[in-house]
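J.: Can you keep this structure in mind? I'll have questions shortly.
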């Protein structure tokens with residue numbers, strides 16, 4: 001005998017709330033009509049739900065427009081900062097940005113996309129349209145390729161189609177091209193991205209995890225005109241990934257990364273001295 005679930009039951013209500021909130025996955029505000037189109041909900045139901053979410057501070061209303069509210073921002077921030085990966089990585093991410101001068105990302109894989117857990121970048125950060133909690137096609141990013149290079153066959157099968165979405169003319173567009181690229185990532189232990197997600201910008205990324213595995217990735221990104229996409233930038237990114245993983249395995253955050261030498265920007269960084277390029281750091285120490 002089949003049991004029918006009434007639309008007013010808790011599970012059905014939560015499904016609708018999730019549907020409404022998912023409609024705001026992107027920048028800008030939405031009108032009631034836009035929410036109705038994106039969710040397929042009846043107009044009256046969508047309006048009641050929107051107004052209730054405004055009352056709960058999950059959404060905010062400006063005239064006839066709705067946007068994500070401060071309560072969701074608060075909860076999202078708590079979720080990120082309670083995450084063990086984020087807590088273990090944060091001091092290393094700040095150190096990597098300080099040393100290189102480039103924008104630093106920490107990301108994990110979720111389906112075919114990467115989700116950014118942290119972004120540190122100073123003035124240059126505004127030029128790269130990523131955000132904490134934001135998604136991007138994994139095959140178009142350095143962090144995505146760093147993780148996919150050590151992913152299981154089941155995860156890669158979903159990206160084996162004839163055509164993959166492209167963000168720029170340099171983006172990988174087929175499953176065959178992606179597998180060739182990922183073979184290089186496995187061989188080198190590092191992933192490079194050259195204007196594949198954003199014109200004029202490149203990334204160097206390293207996987208975080210045990211040898212042959214990846215649970216996350218860290219990267220540095222900046223203008224390709226200011227970055228040498230080779231071992232000089234790969235070394236500090238690798239050391240950062242290693243430090244993060246050791247910190248996770250060691251439990252609560254208890255170490256602070258420090259350079260063996262006086263801090264100087266890495267060759268090619270935006271703050272590098274024009275007269276005399278600075279040398280890359282050779283290692284990281286753990287207190």
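J.: Any residue at all in segment 170-190 that's in the same structural domain as residue 101 (by TED's automatic domain parsing), assigned to a loop (DSSP other than H, G, I, E, B) and loosely packed, with under 15 Cβ neighbours inside 10 Å?
T.: Scanning segment 170-190 turns up no residue that is in the same structural domain as residue 101 (by TED's automatic domain parsing), assigned to a loop (DSSP other than H, G, I, E, B) and loosely packed, with under 15 Cβ neighbours inside 10 Å.
J.: Give, as residue ranges, the helices (runs of 4 or more DSSP H) completely inside segment 1-117 that count at least 1 residues that are at pLDDT below 90 and surrounded by 15 or more Cβ atoms within 10 Å (Cβ to Cβ).
T.: 10-22, 70-82, 84-100
J.: Also, quick follow-up: I'd like to verify a number: residues in segment 191-208 that are buried (at least 18 other Cβ atoms within 10 Å of the Cβ) and either at positive phi or assigned to a strand (DSSP E or B) (or both), how many?
T.: Qualifying residue count for the region: 11.
J.: Listed residues 146, 151, 235; which is out of contact with any strand residue (DSSP E or B) (no Cβ under 9 Å at 6 or more places or on another chain) and either at pLDDT 90 or above or crowded, with 16+ Cβ neighbours inside 10 Å (or both)?
T.: Of the residues listed, the single one that is out of contact with any strand residue (DSSP E or B) (no Cβ under 9 Å at 6 or more places or on another chain) and either at pLDDT 90 or above or crowded, with 16+ Cβ neighbours inside 10 Å (or both) is 235.
The values are calculated or read from the model by the stated rules, or taken from the named source; none is laboratory data. Since we're looking at a predicted model, the values are computed, not measured. Cβ atoms come from the backbone with ideal geometry, glycine included; neighbour counts cover every protein chain shown.
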